[in-house]
Amino acid sequence: MKAEAETASTDKPSSSRSRRTAILGRQPLGLVFAAPYAVFLAAVFAYPLGLAVWISFQDYFFAAPGAQVDRPFVGLENYKTVLGDPAVRRSFLNVIQFLLINVPLTVVLSLVLASALNGAIRGRAALRVAYYIPYVTASVALVAVWLFLFSSGGMVNQLLGPLAPDPSWLVNSALAMPVIAIFVTWKQLGFFILLYLAALQNVPKELYEAAAVDGARRFRSFTNITVPGVRPATVLVVILATITGANLFTEPYLLTNGGGPDGASSSPVLVMYQKGIEQGNPDTASAIGVILVIGVLLISLVNRKLLERD
Amino acid sequence: MATAQQLETTEESTPPEQMVDRSKGRLWPRYLVLALGALIFVFPFYYMLIGSLQKEPDTSLAGAVPTGGLTLDNYSQINDRLNLVQALANSGIFTGGVLLFTVVFGVLAGYALARLHFRGQGTLFAVMLLVQIVPFQLLVIPIYVMVVRTYGLADTYAGMILPFAINSTAVFIFRQFFMQLPEDLFSAARIDGAGEFRILWSIALPLVRPALVTALLLTFIGPWNEFLWPFLVTKEADMQPLAVSLANYISNIAGRAANPYGAILAGAVVLAIPAVVLFVAFQKHFTSSDLGSGVKG
């Protein structure tokens with residue numbers, strides 16, 4: 001994978017040396033350096049990934065360490081159970097609702113704020129810090145403030161007065177998921193702003209100057225130059241925001257007290273936790289995980305195709 | 001998170017795009033948008049702090065600008081319930097372990113991926129990228145089966161650290177930075193007879209110090225803020241990191257406390273402060289490009 005000129009040219013390779021090179025590569029020491037990381041990836045990524053798929057096809061249950069138990073292969077049985085379960089279907093629909101709110105909002109707000117920040121001369125550093133502070137702070141800590149702000153007697157309702165929703169935000173089945181979607185947008189936005197800020201540096205300045213000479217208004221040059229100019233970053237933002245959404249757990253667990261009211265804000269990972277660990281059915285939980293991974297990969301592929309054409 | 005490289009290469013020093021519009025008057029809408037945005041981002045943090053200092057929760061607008069009556073009672077209340085020192089120590093050990101493994105093995109792996117040629121290099125790089133796309137949460141069930149059920153590592157620091165031990169984003173950042181160093185540097189050192197370990201330690205590492213800071217900051221917020229995994233492995237209260245014990249407090253006990261929000265917010269402040277302080281202190285490094293321009297020239 002490397003193209004650089006190499007030190008090997010300074011050696012006079014003997015035949016045994018060249019055989020070793022053919023088997024291990026030119027610098028076998030690299031194997032030693034990379035080995036701990038490779039073992040780590042095999043143990044906590046590759047093997048669990050395979051295990052997840054395998055468990056999802058078994059009648060699997062927890063047993064004491066070392067105990068010999070029969071875990072028969074059941075084919076697609078777990079997938080049938082999962083897809084027929086209204087709570088699981090609800091959680092997938094919830095996450096789709098989440099993504100429909102979160103992803104467009106994330107793309108628009110982070111691009112607008114990034115390009116505003118890109119042009120700001122004074123206070124750039126301080127503003128940038130202000131924007132990414134929620135991103136670096138624990139969800140658990142931020143959820144605490146949002147619980148306070150959005151509780152029925154909280155500041156948001158105090159401000160709205162008679163306009164406050166009833167039942168209040170987090171216990172209202174129509175509003176719980178949108179509040180979570182907005183919370184996650186707010187928390188993650190700083191990271192995406194940094195991403196767009198980096199992408200904006202690659203948009204040629206001459207394009208803006210030419211547009212200004214042609215008398216284009218700022219909004220026109222935003223839609224005609226900035227938006228197409230950062231399209232590769234947009235693909236990335238959409239994919240990463242989708243992955244974040246698919247991972248949703250902490251927010252429904254804490255903000256809406258376990259996906260409430262009545263499952264209106266449950267997420268697939270939350271249902272995975274409830275079924276797999278609370279109720280001791282790792283097989284159906286793994287099936288949910290596999291479906292979710294396939295779903296995320298499909299959405300990512302479609303995004304790439306749609307956004308990267310031409 | 002495969003975007004670290006882009007973050008790294010941000011050119012903060014380039015002249016802003018709207019050098020074209022010279023009239024000062026047209027700048028104000030931009031600053032209005034930016035200031036409104038900043039207010040929305042920062043206000044909850046301010047409110048967290050104020051809420052944690054109030055004896056009685058005051059949710060009116062005036063309550064956000066208290067004129068007196070601030071107290072540290074909420075902090076001692078949450079401390080009585082959670083044992084903040086123990087929880088912080090657990091968070092620290094969890095985070096410290098991950099940082100240690102990432103620095104030692106992540107740097108070695110990043111260096112090998114960038115600068116050495118060995119069998120399986122391409123595969124390792126591909127898997128490293130894949131790890132960033134397949135989210136951890138989806139592997140939670142099989143990893144739980146392995147760590148807790150098969151190896152019996154529940155309620156241990158080892159079980160907590162294991163799945164996070166080497167941060168792949170950090171390995172990726174290390175690789176990108178080692179790649180940017182000029183090849184001449186390495187061939188010269190090799191001709192002088194320096195071993196790879198020596199080259200890594202005394203030549204390459206000092207040159208990539210900014211990458212080290214960035215990677216460590218990103219690695220820090222992973223375990224420090226993580227909730228789901230330590231929540232699954234730790235059932236004993238005195239093994240739980242702060243994020244987990246605070247979350248348990250929110251979902252179980254809060255209803256019975258005298259001023260639940262005050263205590264919750266006090267815990268939230270303690271949990272938030274280390275990350276916020278680190279990122280404010282090192283904010284220059286978080287997007288710095290000094291190294292990029294330093295070696296490209």
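The values are calculated or read from the model by the stated rules, or taken from the named source; none is laboratory data. Quantities reported herein were computed from a predicted structural model and do not represent experimental measurements. All Cβ positions, glycine included, derive from the backbone under ideal geometry; neighbour counts span all protein chains shown. Please note that ligands, DNA and RNA were not included when accessible areas were found on the heavy atoms of the full protein model with its side chains. Shrake-Rupley method; radii C 1.70, N 1.55, O 1.52, S 1.80 Å.
See the values below:
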{"item": "Per-region count, segment B:76-99, residues touching a residue at least 24 places away in the same chain (Cβ under 8 Å) and assigned to a helix (DSSP H, G or I)", "result": "16"}
{"item": "Test for B:ALA112: is it without any contact (Cβ under 8 Å) to a residue 24 or more places away in the chain, more than 9 Å from every other protein chain (Cβ to nearest Cβ) and part of a helix (DSSP H, G or I)", "result": "no"}
{"item": "Subset of segment B:94-106 (residues that are buried (at least 23 other Cβ atoms within 10 Å of the Cβ) and facing another protein chain (nearest Cβ under 9 Å))", "result": "B:GLY106"}
{"item": "Helices (runs of 4 or more DSSP H) within segment A:170-221 that include 1 or more residues in the same structural domain as A:ASN118 (by TED's automatic domain parsing) and under 30 Å from A:PHE249 (Cα atoms)", "result": "A:176-200"}
{"item": "Subset of segment A:46-88 that is in contact with a Phe, Trp or Tyr (Cβ under 9 Å, 6 or more places away or on another chain) and open to solvent by less than 40 Å² (accessible area, probe 1.4 Å) - its residue that is farthest from the other protein chains (Cβ to nearest Cβ)", "result": "A:GLY75"}
{"item": "Per-region count, segment A:233-268, residues in contact with a Lys or Arg (Cβ under 7 Å, 6 or more places away or on another chain) and open to solvent by less than 20 Å² (accessible area, probe 1.4 Å)", "result": "2"}
{"item": "Where a residue in segment B:47-74 is under 17 Å from A:MET155 (Cβ atoms) and within 10 Å of another protein chain (Cβ to nearest Cβ) and its partner, wherever it lies, is open to solvent by less than 40 Å² (accessible area, probe 1.4 Å) and of a type in the set (Phe, Trp, Tyr), with Cβ under 9 Å and at least six apart", "result": "B:TYR47/A:PHE148; B:MET48/A:PHE148; B:GLY51/A:PHE148; B:PRO57/A:PHE148; B:THR59/A:PHE148; B:ALA64/B:TYR47"}
{"item": "Index of the failed condition, A:LEU195 passing every other in (1) facing chain B (nearest Cβ under 7 Å); (2) without any contact (Cβ under 8 Å) to a residue 24 or more places away in the chain", "result": "(2)"}
{"item": "Whichever residue in segment A:89-111 is open to solvent by 70 Å² or more (accessible area, probe 1.4 Å) and among the β-branched types (Val, Ile, Thr) and, among such residues, is farthest from A:SER173 (Cα to Cα)", "result": "A:VAL108"}
{"item": "Sole exception among (1) open to solvent by 20 Å² or more (accessible area, probe 1.4 Å); (2) away from every other protein chain (no Cβ under 11 Å); (3) at pLDDT 85 or above for A:GLY229, by number", "result": "(2)"}
{"item": "Residue in segment B:185-202 that is surrounded by the fewest Cβ atoms within 10 Å (Cβ to Cβ), counting only those that are touching a residue at least 12 places away in the same chain (Cβ under 8 Å) and more than 27 Å from the chain's Cα centre (by Cα)", "result": "B:LEU185"}
{"item": "Qualifying residue in segment A:295-309 (condition: in contact (Cβ under 8 Å) with a residue 60 or more places away in the chain, farther than 17 Å from A:ILE101 by Cβ, at the interface with chain B (Cβ under 8 Å from one of its Cβ atoms) and open to solvent by less than 40 Å² (accessible area, probe 1.4 Å))", "result": "yes"}
{"item": "Restricting segment B:211-255 to residues that are more than 9 Å from every other protein chain (Cβ to nearest Cβ) and not in a helix (DSSP H, G or I), the residue that is most open to solvent (accessible area, probe 1.4 Å)", "result": "B:LYS235"}
{"item": "Flag if A:LEU117 is in the same structural domain as A:VAL269 (by TED's automatic domain parsing), touching a helix residue (DSSP H, G or I) at 6+ places or on another chain (Cβ under 8 Å) and at pLDDT below 90", "result": "yes"}
{"item": "Qualifying residue in segment B:153-164 (condition: at pLDDT below 90, crowded, with 17+ Cβ neighbours inside 10 Å and within 28 Å of A:ALA43 (Cα to Cα))", "result": "no"}
{"item": "Any hit, segment B:159-182, residues being in a helix (DSSP H, G or I) and free of Cβ contacts under 8 Å to residues at least 12 places away in the same chain", "result": "no"}
{"item": "Residues that are among the hydroxyl-bearing types (Ser, Thr, Tyr) and more than 8 Å from chain B (Cβ to nearest Cβ), drawn from segment A:245-262", "result": "A:THR256"}
